[in-house]
There are 6 protein chains.
Amino acid sequence: MKISYVIPGPMSQGPLGPREVARRQDILRGWAAPDVEVSVRECPQGPASIESAYEEYLSVAGLAAVLTELEEQQQADAAIVGCFGDPGLDALYEVTSSLPVVGPGEASMHFACMLGRPFGIITVADGVVGPIERVAAHAGLDGRLAGVAVVDTPVLALGENPGETAARASSAGGDLVRRGATVLVLGCMSMAFLDLGPVLEAKLGVPVVNPVHAALAVAEGRARFRMRHSKTAYPVPRKLAAGSRLSSLLAGPTA
Amino acid sequence: MKISYVIPGPMSQGPLGPREVARRQDILRGWAAPDVEVSVRECPQGPASIESAYEEYLSVAGLAAVLTELEEQQQADAAIVGCFGDPGLDALYEVTSSLPVVGPGEASMHFACMLGRPFGIITVADGVVGPIERVAAHAGLDGRLAGVAVVDTPVLALGENPGETAARASSAGGDLVRRGATVLVLGCMSMAFLDLGPVLEAKLGVPVVNPVHAALAVAEGRARFRMRHSKTAYPVPRKLAAGSRLSSLLAGPTA
Amino acid sequence: MKISYVIPGPMSQGPLGPREVARRQDILRGWAAPDVEVSVRECPQGPASIESAYEEYLSVAGLAAVLTELEEQQQADAAIVGCFGDPGLDALYEVTSSLPVVGPGEASMHFACMLGRPFGIITVADGVVGPIERVAAHAGLDGRLAGVAVVDTPVLALGENPGETAARASSAGGDLVRRGATVLVLGCMSMAFLDLGPVLEAKLGVPVVNPVHAALAVAEGRARFRMRHSKTAYPVPRKLAAGSRLSSLLAGPTA
Amino acid sequence: MKISYVIPGPMSQGPLGPREVARRQDILRGWAAPDVEVSVRECPQGPASIESAYEEYLSVAGLAAVLTELEEQQQADAAIVGCFGDPGLDALYEVTSSLPVVGPGEASMHFACMLGRPFGIITVADGVVGPIERVAAHAGLDGRLAGVAVVDTPVLALGENPGETAARASSAGGDLVRRGATVLVLGCMSMAFLDLGPVLEAKLGVPVVNPVHAALAVAEGRARFRMRHSKTAYPVPRKLAAGSRLSSLLAGPTA
Amino acid sequence: MKISYVIPGPMSQGPLGPREVARRQDILRGWAAPDVEVSVRECPQGPASIESAYEEYLSVAGLAAVLTELEEQQQADAAIVGCFGDPGLDALYEVTSSLPVVGPGEASMHFACMLGRPFGIITVADGVVGPIERVAAHAGLDGRLAGVAVVDTPVLALGENPGETAARASSAGGDLVRRGATVLVLGCMSMAFLDLGPVLEAKLGVPVVNPVHAALAVAEGRARFRMRHSKTAYPVPRKLAAGSRLSSLLAGPTA
Amino acid sequence: MKISYVIPGPMSQGPLGPREVARRQDILRGWAAPDVEVSVRECPQGPASIESAYEEYLSVAGLAAVLTELEEQQQADAAIVGCFGDPGLDALYEVTSSLPVVGPGEASMHFACMLGRPFGIITVADGVVGPIERVAAHAGLDGRLAGVAVVDTPVLALGENPGETAARASSAGGDLVRRGATVLVLGCMSMAFLDLGPVLEAKLGVPVVNPVHAALAVAEGRARFRMRHSKTAYPVPRKLAAGSRLSSLLAGPTA
């Protein structure tokens, strides 16, 4: 089984560089089931990191292009969107039909609800609190959300001092536990790849869901059992159904 | 008072052409209060029409560019997003601070709730039912929504045969009334500029909210009374706050 | 355009006297659009001030009498109920048909939802917290309400020491912000006419909705675009439809 | 134990006359527990019948006057408001402190929820559907409400042809069962005193809650066990707490 | 009228012994209406006390056996389940048809909602907080629940030091009041039989619902007025309807 | 990785016999990932089939005994409860700590929400509709549930005529699609092992979630990534924490 993990921007050309992309692919391969081959794909165009709703929307066109290519060329049995905010997930469901596309945000929240209630989310900064709350609402799980707390660190700086990041995440998680959270979710893929779960579980005494784990479990399940998304709920855009190419949907000078 | 109505794509270069843009500006000026001057702006880049969540997301970057320019150059006291789906409204609130930005979808739904309950929405096609339901949820009004019904006509064809469009809208509206709607909303700006309200009201016996009317009322009110959106709820994206230009947030070859 | 602002009791005969009625009319005229003429009307019979659900109900008959007279004699294009608690708004919708009647409570809350989320309400005293929460529920917006906080001052004393009132409102507003409010609403017309918004915005850093502003914007919009309320949702009372006069609906010795 | 059943208007002076008042008192005495003495009280002033939200509000002052008199003179251990719409129940809780006041609407809905789910309500006419839905929302039980259906008969005519009324109630109840109701509530006191429950139960196969039964059970329980309402939730109106008389709260010429 | 109070285990053979069973029967008889005879029944098999969801489920078979026997032999006009958690109430509704079965948890919560809002629940230990929250959700009243606080004492030790128990209950109740509760519920039958209500009411200034009181009021009402539960909502299990005995539904070696 | 599938009763001694148990184990092994070994376990004591809430509760003690044995003897990395109604899942979470226990009902519903909205459930008979609705509420997903429809066939007869069962399931599923379901769930393990998904998907045009698939995906994910349930949310019962054996929690003659 082949799973593609799609980073929503040209990470290898940014400050983290190809080394971080390779590191994430190694981690993904270590975490996946033995019969699963994970490949990391980058979107040629996209935000350097996602710290706002605006940057989420900026990433949708690039993700759609990569995902439809994966589907058309049958390069993957499932694909994971590489951002916890599940940017444009409804649109990505619209433009694909047979390829299972997995949003790690909603996948994590669904797993969290199976572990305890209510759950809390630790994320990077104020700018994504609103977008994450909207993912919870989209998943229908906002009623179970105790809160979202932030470590208040730029995404690209999270890995510079993992100890500091863990300490801040632990403090944010402690706040959420005091607000009633009985299970926590790491609300950022960069935090997920730092594998902060075990240290937080030891400190805070509650389970911590890693969105990469949750997304892999959902992707493997959907691929293995061919659980496709509903085209009634997410119909193919009319112009695509009528034969237009995805890239032609954006009109204007540079399209 | 100056209000800018921003069309999320290059309409004048599409099949409807500059004539339709001019027609809409005339209508807007006729509907606005005497002391209000409305100007229509087009986004140089954007979808030809919006019939899916995907096309909504495609329109966000163009809208953000125009709105931030309006704000920086103080060309408007308020701006209306020219799509009923309120594409990327949270992101547009993020990138602006002093300019009131109005989403006609949520403006209409709020007015509808002040006229009756529950309310129903008549829109163009299946592809935007899900996105419109999400606008209702974002506005916190999904509990009042009796349903969304469609005329099943491409956006760009709505004006070709206004009688046919009115008949289909009346049929869709009748369905909604039977499902309990006590007030209806025209869920598409192209339907709004056909001014279908009076004929539907006469036929169906319930009030019909025109999203252009609702958006103008909200825009005038927010401009007159300087009701700015909350920057606590919609903070400026971190990279912009740190001095980056909006256009630099999209990394990659053609950004 | 003519808008009537209806005070739900004989204010000019109470401690505030005709001077306060005149002061409010001046403020309303200053705030309305240039083509709008606002007149203040008092109900001959009604509570001296409204500080409980009981006094809200006491005000309904007087409001209904004035509003139906305005409608019958075509003296106004829209009317604003002069109490934040929107007393008997459903009944006032029942007894009118063509006159737009605006409840400043729900108008403010709808505007607040367009500025941020969640929102909080600053009001006068414990006695109206429950009634205001019911306005939020009636508007369908209780899910967005962070809380209601009080300045704990009798309504008629609010204007005696505006500095003290502002300080208490600021303290109540600060509490609400700590409870998550990203936008505030002044939950009392007497506070609205003290124009506490700007000073609170400066102190607390969040937008503050003035219910007079919100009610004017809704009234102007509904009048300009003839947005009538739904008679399906709020049917004319059977006895009135059968020809009874409003005043005859109350049977008994002094009716 | 003494229970007072308070009719919200001068029924004995209306078309139904003293005979109907006496008939209801007989029925109440037959239904109450052996140690309970029920007395019927009429409000000297109030609507002839309640068929709209407006008439509900008209009845509040009269009810408050009677209930506070009952409390002050210790003439009752509990009182039942004689209208299914629970008119002004929050206000009636405000103006009383030690006397349990029972709203038959919410009492019935709470019992219905203990018998099955969802429940439906059969009432008289369109004019009270909205008010009854608001009682359900006030009781926190709107999520369990399958719907409200009407027999479409004026209140004062319900008893003229009991067979016809029963047939119409059965038809309305059948509609509700098809919409999912597993238990029904008679949503009008005049229907309750026709004792339509047994015939509807036999026809429709679901339990039918009689609001007089439910109100008696709640009144007896609250009186026996001194279950008073919360003055934190329903504080005494400030002016009353400061010594004003109830009747002085309405200012103006005839107050 | 005969009401059976069914203790979900062999209490007289446990540490509290027959004396406590007799004491509870005396209290019940003192609290019931004059024409009501209350008998206490014990389940021969069941948990010694209920301090977890697991022990709730363990008690269902024993309760079902006793309740169906009461129904078949017409030994009672109504029965009260002797555990605040309403263990298996839906199943107990399934296996009975004419006998009203009352869950004191939901009965108390419905009464609490008629006294104030929101309400809080004081219970014994962390282990039943989740189960009690599920009773509130089952009753449809979770939206009114301010919280559940614990005295943190084993059920069987509550009566050893009533003063200590009252002090702890008062502290827990104070917490709930600070979290917004305007009325409290004693969330454990052993606390109910200690009659902690009056002392807590005096200390905390809010009404306190005793679940024995609430259950008696509901049981008396349902018996007096023959309010049966809905067999549409709680159908007889298919195998029982086909003639199997209740005891044969558990297959296996010792069934 | 070892996964145990626990049948909540002695199926091999019932009418389906050891052949059906073996058939299910074969199917499970065929569906699991290559590195996963699935074993079927039966509970020595439990209902012959589960067609009511009552039979669900009857199965809890047997399930708890098997699951705690699996945990203590480290015989499994995860366990699946072999009933769609997730009987006693909260209790099973209480009595285990390190063993992931998976409820196929909630697992399926979470997957359904990731495929479309709203979703519908096809199950066997009226007797389990209520229990399944409570699983949806427990999972927090009742807001996404379009409905539950039944094939109206005894569980043990489902496999006798698979064609008939498929036809009835297709009819029930069609009803749900007309009620708005965009994805369906097979709401019974016996239907799941008939693998009705592909034929229903072909007929109805919407995805169909098989609860065995969903449960396997969740079990594999939770086992692989050691996602344990929260002991804060589901604490160990006090008596067990104090050293009692699980079997001693049921007092009385045959315990």
- Restricted to the range B:230-245 and to residues being of a type outside the set (Ser, Thr, Tyr) and at the interface with chain C (Cβ under 9 Å from one of its Cβ atoms), the residue surrounded by the most Cβ atoms within 10 Å (Cβ to Cβ) is B:ALA233
- Message: From the list F:ILE121, F:ILE132, exactly one residue is β-branched (Val, Ile, Thr), in a strand (DSSP E or B) and either buried (at least 20 other Cβ atoms within 10 Å of the Cβ) or touching a helix residue (DSSP H, G or I) at 6+ places or on another chain (Cβ under 7 Å) (or both). Which is it?
- Response: F:ILE121
- Task: Exactly one condition in (1) farther than 21 Å from B:GLU42 by Cα; (2) β-branched (Val, Ile, Thr); (3) assigned by TED's automatic domain parsing to the domain that holds B:VAL21 is not met by B:ILE121; state its number.
- Result: (3)
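Quickly run through the range A:101-118 and pick out the residues that are part of a loop (DSSP other than H, G, I, E, B) and closer than 23 Å to E:ASP142 by Cα.
Across the range A:101-118, the qualifying residues are A:GLY116, A:ARG117, A:PRO118.
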- Task: Take the range F:191-212 and flag every residue that is more than 10 Å from chain A (Cβ to nearest Cβ) and either part of a loop (DSSP other than H, G, I, E, B) or more than 16 Å from the chain's Cα centre (by Cα) (or both).
- Result: F:LEU194, F:ASP195, F:LEU196, F:VAL199, F:LEU200, F:ALA202, F:LYS203
- Item | Residues being in a loop (DSSP other than H, G, I, E, B), out of contact with any Ser or Thr (no Cβ under 8 Å at 6 or more places or on another chain) and either more than 17 Å from A:MET1 (Cα to Cα) or of a type outside the set (Ser, Thr, Tyr) (or both) - total across the range A:71-100 | 9
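Residue-by-condition table, conditions (1) among the hydrophobic types (A, V, I, L, M, F, W, C); (2) under 14 Å from the mean Cα position of the chain (by Cα); (3) under 25 Å from A:ALA125 (Cβ atoms):
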| position | (1), (2), (3) |
| --- | --- |
| A:VAL36 | yes, no, no |
| A:TYR54 | no, no, yes |
| A:VAL60 | yes, yes, yes |
| A:GLY82 | no, yes, yes |
| A:ASP86 | no, yes, yes |
| A:LEU89 | yes, yes, yes |
| A:VAL95 | yes, no, no |
| A:VAL102 | yes, yes, yes |
| A:SER108 | no, yes, yes |
- Residue selected from the range E:89-131 under the condition hydroxyl-bearing (Ser, Thr, Tyr) and in contact with a Gly (Cβ under 9 Å, 6 or more places away or on another chain), by the criterion farthest from the other protein chains (Cβ to nearest Cβ): E:THR123
- Would you call C:MET227 under 30 Å from B:GLY140 (Cβ atoms), among the aliphatic types (A, V, I, L, M), touching a residue at least 24 places away in the same chain (Cβ under 8 Å) and more than 14 Å from chain B (Cβ to nearest Cβ)? no
- Going by the structure shown, is E:PRO207 touching a Gly at 6+ places or on another chain (Cβ under 7 Å), more than 28 Å from E:VAL38 (Cβ to Cβ) and either surrounded by 24 or more Cβ atoms within 10 Å (Cβ to Cβ) or of a type in the set (Lys, Arg) (or both)? no
- Message: Just checking, does the range B:141-154 include any residue being among the aliphatic types (A, V, I, L, M), assigned to a helix (DSSP H, G or I) and either free of Cβ contacts under 8 Å to residues at least 60 places away in the same chain or within 30 Å of B:GLU71 (Cα to Cα) (or both)?
- Response: no
- Item | The lone exception for D:ALA215 - which of (1) under 16 Å from the mean Cα position of the chain (by Cα); (2) within 30 Å of E:ALA202 (Cβ to Cβ); (3) in a loop (DSSP other than H, G, I, E, B) it fails | (3)
- A:ALA202 being surrounded by fewer than 19 Cβ atoms within 10 Å (Cβ to Cβ), of a type in the set (A, V, I, L, M) and closer than 24 Å to F:SER98 by Cα: yes
- Message: Checking the structure you have, find out if any residue of the range B:23-31 is at pLDDT 95 or above, at positive phi and under 16 Å from the mean Cα position of the chain (by Cα).
- Response: no
- Task: Count, please, the residues in the range D:1-51 that happen to be among the acidic types (Asp, Glu) and in a strand (DSSP E or B).
- Result: 2
- Query: When you look at A:GLY163, is it surrounded by fewer than 24 Cβ atoms within 10 Å (Cβ to Cβ), away from every other protein chain (no Cβ under 14 Å) and either within 16 Å of A:PRO104 (Cα to Cα) or without any contact (Cβ under 8 Å) to a residue 24 or more places away in the chain (or both), yes or no?
  - Reply: yes
- Note on the structure: Over the range A:173-190, the set of residues within 19 Å of A:SER49 (Cβ to Cβ) and either among the polar types (S, T, N, Q) or away from chain F (no Cβ under 13 Å) (or both) is A:GLY187, A:CYS188, A:MET189, A:SER190
- Message: Taking the criterion of being away from chain D (no Cβ under 11 Å), free of Cβ contacts under 8 Å to residues at least 60 places away in the same chain, crowded, with 24+ Cβ neighbours inside 10 Å and part of a helix (DSSP H, G or I), would at least one residue in the range E:63-70 satisfy it?
- Response: yes
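The values are calculated or read from the model by the stated rules, or taken from the named source; none is laboratory data. Note that the structure is a prediction, hence the values are computed from the model and not measured. Cβ: placed from backbone, ideal geometry, glycine included. Neighbour counts: every protein chain shown.
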